[in-house]
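Scroll down for the structure; my scribbles are underneath it.
The values are calculated or read from the model by the stated rules, or taken from the named source; none is laboratory data. What you see is a predicted model, and the numbers here were worked out from it, not measured in a lab. We place every Cβ from the backbone using ideal geometry, glycine too, and count neighbours over all the protein chains shown.
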Amino acid sequence: MSAPTSEHQQIASNLHGELYGFLKHRPCQVFSAPFDVRLLRSTGNGDAQIQTVVQPDISVICDRTKIDKRGCLCAPDWIIEIVSPNSLVLDTRTKFDIYAENGVGEYWIAFPGEQTIVAYALSAEGQYEPLGTYAEPGLMQSHTLPELAVDWKDIFEEAR
């Protein structure tokens, strides 16, 4: 895999900065890649229980007992992936399914070229339901943190 583009990194930094500023002195924490998220299977003990390890661009974790020295054990509350040309299928299909199966409550996918974010929330049936598609200036509401709305222009303006 090649290194992320400067546009990818700018969007990741902008998102992380917005989330960090909002979450400072609150129970949830935000982490940026590289940060291991170890997703579990229902059988086995210890490391044998780990089924998949991913490194999302951004993870928000509200249950601090999931955080250890190696990263996050179990599903974060919210994951944001920033699509690169070589990660389109991975982020929009493979990880989309893995995150839903493992109970990640909110999943945002950012498309730098289109300057768009597509947001999903996990339904009671364990399927992602669209929350919105954000492709122009305006507020992007978080499902996980309802009091948080990120302004689209704060994420994409500098990345042009």
Would you be able to say whether some residue in the range 57-80 is touching a residue at least 40 places away in the same chain (Cβ under 8 Å), among the acidic types (Asp, Glu) and under 20 Å from residue 6 (Cα atoms)?
yes
Filter the range 110-131 for residues that are free of Cβ contacts under 8 Å to residues at least 40 places away in the same chain and in contact with a His (Cβ under 8 Å, 6 or more places away or on another chain); the one that is farthest from residue 74 (Cα to Cα) is 131
Go through the range 132-144 and give me each residue that's in contact with a Phe, Trp or Tyr (Cβ under 8 Å, 6 or more places away or on another chain), in a strand (DSSP E or B) and under 18 Å from residue 77 (Cβ atoms).
140
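Report whether or not residue 106 is over 18 Å from residue 10 (Cα atoms), free of Cβ contacts under 8 Å to residues at least 12 places away in the same chain and among the acidic types (Asp, Glu). Break it down into steps so the answer makes sense when it comes.
On the way: over 18 Å from residue 10 (Cα atoms): yes; free of Cβ contacts under 8 Å to residues at least 12 places away in the same chain: no; among the acidic types (Asp, Glu): yes.
No, not satisfied.
For the condition part of a strand (DSSP E or B), of a type in the set (D, E, K, R) and over 20 Å from residue 9 (Cβ atoms), what is the one hit in 125, 129?
From the options 125, 129, the qualifying one is 129.
Being in contact with a His (Cβ under 8 Å, 6 or more places away or on another chain), part of a strand (DSSP E or B), at pLDDT 95 or above and not basic (Lys, Arg), is that true of even one residue in the range 95-109?
yes
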Is it the case, given these coordinates, that residue 155 is over 23 Å from residue 20 (Cα atoms), in contact (Cβ under 8 Å) with a residue 40 or more places away in the chain and aliphatic (A, V, I, L, M)?
no
Given the range 12-76, what strands (runs of 3 or more DSSP E) lie entirely inside it while holding 3 or more residues that are at pLDDT below 95, touching a strand residue (DSSP E or B) at 6+ places or on another chain (Cβ under 7 Å) and surrounded by fewer than 19 Cβ atoms within 10 Å (Cβ to Cβ)?
50-54
Considering the range 81-94 alone, what residues qualify as being touching a Phe, Trp or Tyr at 6+ places or on another chain (Cβ under 8 Å) and over 20 Å from residue 139 (Cα atoms)?
83
State yes or no: is residue 114 part of a loop (DSSP other than H, G, I, E, B), in contact with a helix residue (DSSP H, G or I) (Cβ under 7 Å, 6 or more places away or on another chain) and either of a type outside the set (S, T, N, Q) or over 20 Å from residue 32 (Cβ atoms) (or both)?
no
